[in-house]
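Everything below concerns the one structure shown next.
The values are calculated or read from the model by the stated rules, or taken from the named source; none is laboratory data. Remember, predicted model here, so these are calculated numbers, not experimental data. Neighbour counts run over all protein chains shown; Cβ positions are idealised from the backbone, glycine included.
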Amino acid sequence: MEDYEIVIGLEVHVELLTQSKMFCGCSTKFGQPPNTQVCPVCMGMPGVLPVINLKAIELALKAAIAFHSEISPYCRFARKNYFYPDLPKNYQISQYEQPIATGGYIEVDGKKIRLKRVHLEEDAGKLIHSEKGENFSFVDFNRSGIPLLEIVSEPDINSPEEAEKYLLTLKQILEYLEISDCNMEEGSLRCDANISVRKKGENRLGVKTEVKNMNSFKSVRKALTFEGRRQINLLKKGEEIIQETRLWNENLQITEGMRSKEEAHDYRYFPEPDLVPVEINAEWIEKVKETIGELPSERKERFMRDYNLSDYDATLLTSKKEIGDYFEKCVKKFNKPKIVANWIMGDLMAILKEKKIKINNSPMTPDYLVELLTLIEEKKITGTIGKEVLVDVFETGKSPSEIVKEKNLIQIQDEDFISKVIEEVVKENPQPVEDYKKGKEKAIGFLIGQVMKKTKGKANPQIVRELLIEHLKKI
């Protein structure tokens, strides 16, 4: 294996976040009953005229700017002719010789993965095959005409792991800029991979296969790992690699041959006669640039610089735009970034994951988290109680202050009361007391824990520690 290297190029289709389809006014809402979001235009009826969705063009421009691509001053749509049962017109409106943008790159771990082209097209419908073994399929045309952005990389990716990181970075950019929701489960992001292998040091590309049917980034990594090994093993045995399209079988964890693939399909592209070319001037590009804002990589650097966060913390907090937004809302009112970061990345994210709630729908709003952290900071409650309050906020929707008041959770700072509890704990735990006196520092932690348990987490831990050490010295 070490004598060979893998070469990968990815073709990613993302559904654009528009309310209507690419060339008609039909809704793009997901999950509606079959064939309820169709019209004569997206069904390809005779005599209809498509109209370009301006929002789709602007989202494509946003992506091209973020990818550092060269935007074409003049782009146009073409007809890509082929027959497939879910393609009602028998052609797909796409872009060919004059795409909206070419070139550019996406940076992954300091390496620039070059892009070949970025272009717009419409989606096809969806075939639903009978599960009972009958020899027929249903067709749902709701997807037909949905706007897609195709992002084609150069063969610059050299491992399945790098391919996965590229996709995660691409997804992050698209989500940040609200270009697509990139929901693979709903088909908003689909990926095909071209993969070949060659001897290390060779410049010539090997015979490639195209791998399809990968429904998660993890599947992409697994499929490319398998396919790379399969090709290397064939070459080692002196066998020939066939240029073909292969499908990833998730159940068997293997790729399987689907169809042989010629060097180039004859799609008989020609300019779409019903659509005018799109002229993109500098003024329009500047207008779109103003809507872009901060990219994830820029925000991460700023978080590290302005909030003195580690690379790890900043990476997690900027992984999704809404998490970064939540963090900044909190820090504006509670200027202790590391404490805020720890609570968000720890207890808050854990409960959000458990309850399958997105952070922007969290009952623990930024104001509530600030309120909770302020209660802890002012020593009105302990950190342990704070964690319980966090859970209660999710259960009741009430503010931390209300919960603390209703449940009488205010921190105990009465030294006489705490001293009495310490006496009880020392009597009940002679062995840890003896261990501490013999120099075992860990024993003090156990004894503090017992005091906290008896006070239901309400005793001030610092006072407990000081009084406990003082008491043990006297024994």
- Considering segment 252-268 alone, what residues qualify as being out of contact with any strand residue (DSSP E or B) (no Cβ under 7 Å at 6 or more places or on another chain) and modelled with pLDDT of 90 or more? Leu252, Gln253, Ile254
- Filter result (assigned to a loop (DSSP other than H, G, I, E, B) and under 30 Å from the mean Cα position of the chain (by Cα)) within segment 252-267: Leu252, Gln253
- Going through segment 319-335 in order, the residues found to be in a helix (DSSP H, G or I) and either out of contact with any helix residue (DSSP H, G or I) (no Cβ under 8 Å at 6 or more places or on another chain) or aliphatic (A, V, I, L, M) (or both) are Ile323, Glu328, Val331, Lys332
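Taking the condition touching a Cys at 6+ places or on another chain (Cβ under 6 Å), in a loop (DSSP other than H, G, I, E, B) and surrounded by fewer than 20 Cβ atoms within 10 Å (Cβ to Cβ), does Cys39 pass? Give the derivation first.
Numbers: touching a Cys at 6+ places or on another chain (Cβ under 6 Å): yes; in a loop (DSSP other than H, G, I, E, B): yes; surrounded by fewer than 20 Cβ atoms within 10 Å (Cβ to Cβ): yes.
Answer is yes for this residue.
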- Single residue of Pro337, Pro363 found to be crowded, with 19+ Cβ neighbours inside 10 Å and either in contact with a Phe, Trp or Tyr (Cβ under 8 Å, 6 or more places away or on another chain) or of a type in the set (Asp, Glu) (or both): Pro337
- Item | Residue in segment 137-153 that is in the same structural domain as Gly201 (by TED's automatic domain parsing), of a type outside the set (Ser, Thr, Tyr), under 25 Å from Val197 (Cα atoms) and buried (at least 23 other Cβ atoms within 10 Å of the Cβ) present | yes
- Note on the structure: Note: among Arg221, Arg268, Arg246, Arg229, just one is assigned by TED's automatic domain parsing to the domain that holds Phe77, touching a Lys or Arg at 6+ places or on another chain (Cβ under 9 Å), of a type in the set (Lys, Arg) and over 30 Å from Cys24 (Cα atoms), namely Arg246
- Hey, does segment 139-155 have a residue that's within 30 Å of Asp311 (Cα to Cα) and charged (D, E, K, R)? yes
- Scanning segment 303-318 residue by residue, the ones that are polar (S, T, N, Q) and assigned to a helix (DSSP H, G or I) total 1
- Message: So if I check each of Leu352, Leu369, Leu390, Leu375, which one is crowded, with 16+ Cβ neighbours inside 10 Å and in contact with a Lys or Arg (Cβ under 8 Å, 6 or more places away or on another chain)?
- Response: Leu352
- Note on the structure: Expected single match for at pLDDT below 95 and not basic (Lys, Arg) among Glu58, Glu97, Glu122 is Glu97
- Query: Quick check: anything in segment 230-251 part of a strand (DSSP E or B), within 27 Å of Lys21 (Cβ to Cβ), modelled with pLDDT under 95 and not charged (D, E, K, R)?
  - Reply: no
- Task: Test Met1 against the criterion of being within 30 Å of Arg230 (Cα to Cα), loosely packed, with under 14 Cβ neighbours inside 10 Å and modelled with pLDDT under 95, and give yes or no.
- Result: yes
- Scanning segment 302-317 for residues that are surrounded by 14 or more Cβ atoms within 10 Å (Cβ to Cβ) and either touching a residue at least 40 places away in the same chain (Cβ under 8 Å) or over 19 Å from Lys336 (Cβ atoms) (or both) gives Thr315
- Condition met for Asp86 (over 25 Å from the mean Cα position of the chain (by Cα) and on the phi < 0 side of the Ramachandran plot): yes
- Limited to segment 282-292, what total is found for residues that are surrounded by 12 or more Cβ atoms within 10 Å (Cβ to Cβ) and part of a loop (DSSP other than H, G, I, E, B)? 2
- Query: Which of the following residues is of a type outside the set (A, V, I, L, M, F, W, C), out of contact with any Phe, Trp or Tyr (no Cβ under 6 Å at 6 or more places or on another chain) and more than 30 Å from Glu107 (Cα to Cα): Pro50, Pro33, Pro73?
  - Reply: Pro33
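Could we say that Lys438 is at negative phi, outside the structural domain of Lys380 (by TED's automatic domain parsing), at pLDDT below 80 and out of contact with any helix residue (DSSP H, G or I) (no Cβ under 6 Å at 6 or more places or on another chain) here?
When the stated conditions are applied, Lys438 passes them.
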- Task: Return yes or no: is Glu164 among the acidic types (Asp, Glu), surrounded by 20 or more Cβ atoms within 10 Å (Cβ to Cβ) and in contact (Cβ under 8 Å) with a residue 12 or more places away in the chain?
- Result: yes
- Query: Inside segment 169-217, can you point out the residues that are in a strand (DSSP E or B), in contact with a Ser or Thr (Cβ under 8 Å, 6 or more places away or on another chain) and among the β-branched types (Val, Ile, Thr)?
  - Reply: Ile195, Thr209, Val211
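Would you please name the residue that is nearest to Tyr368 (Cα to Cα), looking only at residues in segment 381-407 that are part of a helix (DSSP H, G or I) and β-branched (Val, Ile, Thr)?
Going through the qualifying residues, I end up with Val393.
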